[in-house]
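Colleague: Please see the structure below; I have some questions.
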Amino acid sequence: MTKVLVVDDDFMVAKLHSRYVSQAEGFTVSGVAHSGGEALRAAERLRPDLVLLDVYLPDMDGISVLRELRAAEAADPGRGCADALFITAARDAAVVRSALRAGALHYLIKPFTQAALHEQLRHVASLRSRLEHLDEARQEDVDQLFGARPPGSRELPKGLAAHTAELVERILREHPGDLSATECAEALSLSRVSARRYLEYFADTGRAAVTLRYGGTGRPERRYRRVG
């Protein structure tokens, strides 16, 4: 199991992210921290494999936390090295650059769906597995490791909510066969227009396939089926 330390100053957000992690196969939450100092102490005590790190913390920013974590790891060669994934609302390009230069694997911008986080977690697991099984790296191994980056957070378009997107994605996942926007709307008590916007978003990002059902007269009905 990959042990994860969740760091966010908002208790409810930390709880939500912990739930997301717990539902990802092969991952477990080893601890939760709500400040930079608490995160550093928890990292030393728990020795997590991965840290989900917010930028905005009450005592220090997440970039500084990661730098101090790297310094502590360098000072203790037997400690091991935790990977870091930023999960934050910070959009400033300078902050993103600083996060990557400090050693973060990736950077997810809030809000995002559970599927987007799970995609990043699968990427982490894949990297760790490949590195553990390499005795000597060939250039093609290095190219594969550095080039195999997931597509990012799939940031939701303006007007779409992460919670509703999760519900629509769950309906897609659990519904036998395909479904229409009307069927999705009825299942979630949404308007048909809203349901279609979410379904079209999943189709545009490759997570749903669209087929057309032709009836009598009028336009064909669009049917959606989850991909993957």
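Colleague: Of the heavy-atom accessible surface of the chain (probe 1.4 angstrom), what whole percent is carbon and sulfur? Spell out each step's value before the answer.
Modeller: Numbers: 6250 of 12270 Å².
C and S fraction of accessible area: 51 percent.
Colleague: Can you compute the helix-only [θ] at 222 nm over the chain? Use -39500 (n - 2.57) per DSSP H run of at least 4 residues, normalise by all residues, nearest 500 deg cm²/dmol.
Modeller: Working: 9 runs with 108 residues, N = 228.
Rounded to the nearest 500, the figure is -14500 deg cm²/dmol.
Colleague: Sticking with this one: In angstroms, what radius of gyration and Dmax does the range 175-228 have, counting Cα atoms only?
Modeller: Both quantities, over Cα of the range 175-228: 10.9, 33 Å.
Colleague: If you don't mind, another one. Provide the per residue accessible area, probe 1.4 Å, for the range 1-50, rounded to a whole number of square angstrom.
Modeller: Working: 2450 Å² over 50 residues.
Value returned for the range 1-50: 49 Å² of accessible area per residue.
Colleague: Please work out the FRET efficiency for the pair ALA94 and MET1, using the Cβ-Cβ distance as r and a Förster radius of 30 Å; give the result to the nearest 0.05.
Modeller: On the way: r = 35 Å, r/R0 = 1.18.
Taking R0 as 30 Å, the efficiency between ALA94 and MET1 is 0.25.
Colleague: Which order do the peptides 128-138, 170-180 come out in when sorted by mean C-beta neighbours inside 10 angstrom, highest first? Provide the component values of the computation, followed by the final result.
Modeller: Values: 128-138: 9.9, 170-180: 14.2.
The most tightly packed comes first, giving 170-180, 128-138.
Colleague: Taking the Cα centre of each part, how many Å lie between the range 83-105 and the range 154-175?
Modeller: Here the two parts' Cα centres lie 25 Å apart.
Colleague: Where the only charges are on Cβ atoms (+1 Lys, Arg; -1 Asp, Glu), what is the dipole of the chain about its Cα centre, to the nearest 20 debye?
Modeller: On the way: 32 positive and 32 negative charges, 176 e Å.
Computed charge dipole of the chain: roughly 840 debye.
Colleague: Starting from the Cα of ARG192, step 7 Å along the direction of its Cβ; do the same at VAL210; then give the gap between the two resulting points in nm.
Modeller: Taking the two extended label points, one gets 1.6 nm.
Colleague: While we're on this one: Could you rank the peptides 160-166, 6-12 by their average count of other C-beta atoms within 10 Å per residue, with the highest value first?
Modeller: On the way: 160-166: 15.6, 6-12: 18.7.
By packing density, highest mean first, the sequence is 6-12, 160-166.
Colleague: Report, for the chain, the % of DSSP beta bridges that are antiparallel, rounded to 5. Don't skip to the end; give the middle numbers.
Modeller: Working: 8 of 26 bridges.
Looking only at bridges with both residues in the chain, the antiparallel portion is about 30 percent.
Colleague: When the chain is treated as a GNM, springs tying every alpha-carbon pair under 10 Å, which of VAL51, VAL193, VAL21 comes out with the largest mean-square fluctuation?
Modeller: Maximum fluctuation in the GNM of the chain, among the listed residues, is at VAL193.
Colleague: Can I ask one more? Say each of ARG138 and SER22 gets a label point 7 Å from the Cα, pointing the same way as Cα to Cβ; how far apart are those two points in nm?
Modeller: The two pseudo-label positions are separated by 4.4 nm.
Colleague: Now, a different point. For the pair LEU131 and ARG173, what calculated FRET efficiency results from E = 1/(1 + (r/R0)^6), where r is the Cβ-Cβ distance and R0 = 25 Å, to the nearest 0.05?
Modeller: The computed FRET efficiency comes out at 0.20.
Colleague: Next question, about the same structure. Can you give the extra length, in nm with one decimal, that the chain gains between ARG70 and ARG219 once fully stretched, where that is 0.36 nm per residue apart less the Cα-Cα distance? The partial results should precede the final answer.
Modeller: Details: separation 149, 0.36 × 149 = 53.64 nm, distance 5.86 nm.
Result: 47.8 nm gained on full extension.
Colleague: Assuming R0 = 30 Å, can you tell me the calculated FRET efficiency for the pair VAL227 and THR182, based on Cβ-Cβ distance, to the nearest 0.05?
Modeller: Working: r = 21 Å, r/R0 = 0.70.
Approximately 0.90, to the nearest 0.05.
Colleague: Then there's this: Hey, how much of the P(r) for the chain falls beyond 29 Å, as a percent of Cα pairs?
Modeller: When all Cα pairs of the chain are counted, 36 percent exceed 29 Å.
The values are calculated or read from the model by the stated rules, or taken from the named source; none is laboratory data. In this text, all values refer to a predicted model and were calculated from it rather than measured experimentally. FYI the Cβ positions are ideal-geometry reconstructions off the backbone, even for glycines, and counts take in every protein chain you see. With ligands, DNA and RNA removed, areas are computed over all heavy atoms of the protein, side chains included. Shrake-Rupley method; radii C 1.70, N 1.55, O 1.52, S 1.80 Å.
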